[in-house]
Protein chains: 2
Amino acid sequence: MVTMGSVSLSTTTRTALTRHRERACTDRADLHAVLDAGLVGHVGLVRDGAPVVLPTGYGRIGDTVYVHGSTGAGWLRIPDGTPVCLTVTHVDGIVYARSVFNHSMNYRSAVVHGAARLVTDPEEKLAALHAIVEQLSPGSWEHAREPARRELAATAVFGLDLAEASVKVRSGPPADDEPDVVAGGRWAGVLPVHTVFGTPETCPTLPAGTPVPGHVADRRPA
Amino acid sequence: MVTMGSVSLSTTTRTALTRHRERACTDRADLHAVLDAGLVGHVGLVRDGAPVVLPTGYGRIGDTVYVHGSTGAGWLRIPDGTPVCLTVTHVDGIVYARSVFNHSMNYRSAVVHGAARLVTDPEEKLAALHAIVEQLSPGSWEHAREPARRELAATAVFGLDLAEASVKVRSGPPADDEPDVVAGGRWAGVLPVHTVFGTPETCPTLPAGTPVPGHVADRRPA
């Protein structure tokens with residue numbers, strides 16, 4: 001019914017697709033585009049043999065995606081080389097079919113498998129944090145105070161290579177069975193889903209009338 | 001910097017919180033509310049010792065959340081009792097702080113840990129599919145053709161108990177360090193993020209002018 005899954009790019013066992021092959025994208029530009037349009041990803045880890053999935057911000061430089069967190073945070077207290085999976089999903093529409101069975105979603109998703117590499121080089125770490133902040137809030141790195149040494153020390157950064165990744169996209173109208181189309185009498189179509197930004201809310205500790213800077217006021221969803 | 005994590009409700013090792021305890025919610029109603037407001041969740045599995053995270057639709061009945069998929073789909077070819085983690089996240093805002101370090105997101109997230117129970121009872125399976133379809137597209141179960149026997153046979157449904165779950169919420173303005181507030185000269189605040197529905201797109205195989213039914217035309221985000 002709600003059909004979503006994962007696929008292709010590099011074809012290893014875990015990225016090779018099991019169904020809906022037509023939804024696979026094989027272009028690295030597609031992978032980059034799905035990642036670059038996101039605000040939050042879901043990172044998977046194995047803890048005591050069981051999976052743990054947590055939301056996280058991220059950023060991309062070339063074919064590396066970076067995640068970060070407090071060195072005191074539970075989920076980032078992982079050794080260098082820990083197997084992780086980072087998934088980014090955009091819901092683009094609800095697909096209403098004539099049959100319940102053919103209901104679906106329009107979406108774009110990227111699934112990245114790999115070993116989390118602890119970033120220790122100060123230059124790469126700063127570049128990674130810059131990328132993560134730019135992904136969350138373009139323009140903030142220039143506008144806000146840059147990280148102090150103690151803040152950098154309190155932040156762990158991991159890099160994940162995009163070598164083993166898959167992208168899956170569903171778009172367009174419902175795919176109904178012919179007898180359901182012929183039968184008629186039921187609506188089918190797509191209800192588009194969009195992410196939008198509201199009116200910026202200035203921090204109450206700032207003076208009334210403080211203007212909202214352009215990198216916030218003019219921001220549009222990716 | 002982009003601080004997101006996971007917490008509480010039942011306090012087992014994996015739901016007990018490691019930081020930002022003030023963001024934990026301990027009410028089951030909060031858990032239900034976060035789940036009920038979502039369109040897509042991210043389910044984690046362990047495959048060959050590595051984590052896999054995939055987007056999926058889901059539905060809730062009481063304290064059980066259900067996921068489903070094709071019996072031919074790779075990720076659902078799992079044995080009864082497989083450990084899974086289902087996470088649902090809503091991004092509510094981008095938190096711009098005076099410092100890069102204190103940038104964050106406003107969000108609501110629910111993390112459910114448990115063993116995926118294969119649903120074999122026909123009545124529970126039908127009720128679960130009803131809940132999944134209602135979550136995706138309220139009103140569709142009544143409007144669309146109900147599943148045929150062969151469609152039900154092609155669909156696997158798993159139930160996940162909400163006994164071990166956590167909810168974490170961040171809301172409100174940025175939490176800047178006092179020296180940064182005093183220093184002034186930098187904007188801080190929240191850019192709200194909303195999910196909205198666009199204009200319904202009627203399937204091109206329907207006659208022009210086919211009216212959009214109320215359960216689609218009048219639908220508003222949860």
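No value in this document is a laboratory result; all are computed from the given coordinates. What you are looking at is a predicted structure, and each value in this text was computed from that prediction instead of being measured. Glycine gets a Cβ as well: all are built from the backbone with ideal geometry, and neighbour counts include every protein chain shown.
Structure summary
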{"quantity": "Value at 222 nm in deg cm²/dmol, rounded to 500, when DSSP H runs of n ≥ 4 in the protein assembly as shown each add -39,500 (n - 2.57)", "calculated": "-5000 deg cm²/dmol"}
{"quantity": "Peptide A:98-109, shielding by other chains (average Cβ, 10 Å cutoff)", "calculated": "6"}
{"quantity": "Averaged over B:77-90, number of beta-carbon atoms from partner chains that fall within 10 Å", "calculated": "3"}
{"quantity": "Total formal charge among the other residues, if their Cβ is under 15 angstrom from that of B:Gly139, Lys/Arg +1 and Asp/Glu -1", "calculated": "+1"}
{"quantity": "Extension gain from A:Ala154 to A:Thr71, taking 0.36 nm per residue of separation minus the Cα-Cα distance", "calculated": "29.3 nm"}
{"quantity": "The range B:21-173 pair-distance distribution - Cα-Cα, 10 Å bins, rounded %", "calculated": "10, 37, 31, 15, 5, 1"}
{"quantity": "Under 5 Å, built H, 5+ apart or other chain: amide partners of B:Arg60", "calculated": "B:Tyr66"}
{"quantity": "Vicinal HN-Hα couplings computed from phi for the range B:40-47 (Karplus, 6.51 cos²θ - 1.76 cosθ + 1.60; Hz; Gly/Pro x)", "calculated": "9, x, 10, 9, x, 9, 10, 10"}
{"quantity": "Residue mean of other protein chain beta carbons inside 10 Å, B:172-181", "calculated": "3"}
{"quantity": "Diffusion constant of the protein assembly as shown at 25 °C, which comes from Stokes-Einstein with the Kirkwood Cα-pair radius and 0.890 mPa s, µm²/s", "calculated": "109"}
{"quantity": "Helix axis angle, B:122-136 relative to chain B longest principal axis, alpha carbon, degrees", "calculated": "50"}
{"quantity": "For B:Thr155, distant residues with modelled amide H under 5 Å away", "calculated": "B:Thr71"}
{"quantity": "Environment charge at A:His32 (Cβ cut-off 10 Å; Lys +1, Arg +1, Asp -1, Glu -1)", "calculated": "-2"}
{"quantity": "Range of Cα positions in the range B:150-222 per principal axis (Å), largest first", "calculated": "65, 42, 18"}
{"quantity": "Net charge over other residues, Cβ less than 14 angstrom from the Cβ of A:Pro79 (K, R count +1; D, E count -1)", "calculated": "+2"}
{"quantity": "Under the Karplus curve 6.51 cos²θ - 1.76 cosθ + 1.60, θ = phi - 60°, whole-Hz ³J(HN,Hα) for the range A:170-175, x wherever Gly or Pro sits", "calculated": "10, 9, x, x, x, 10"}
{"quantity": "Cβ-Cβ FRET estimate between B:Glu124 and A:Ile61, R0 fixed at 56 Å, reported to 0.05", "calculated": "0.75"}
{"quantity": "Under 5 Å, built H, 5+ apart or other chain: amide partners of B:Val193", "calculated": "A:Gly198, B:Gly93, B:Ile94"}
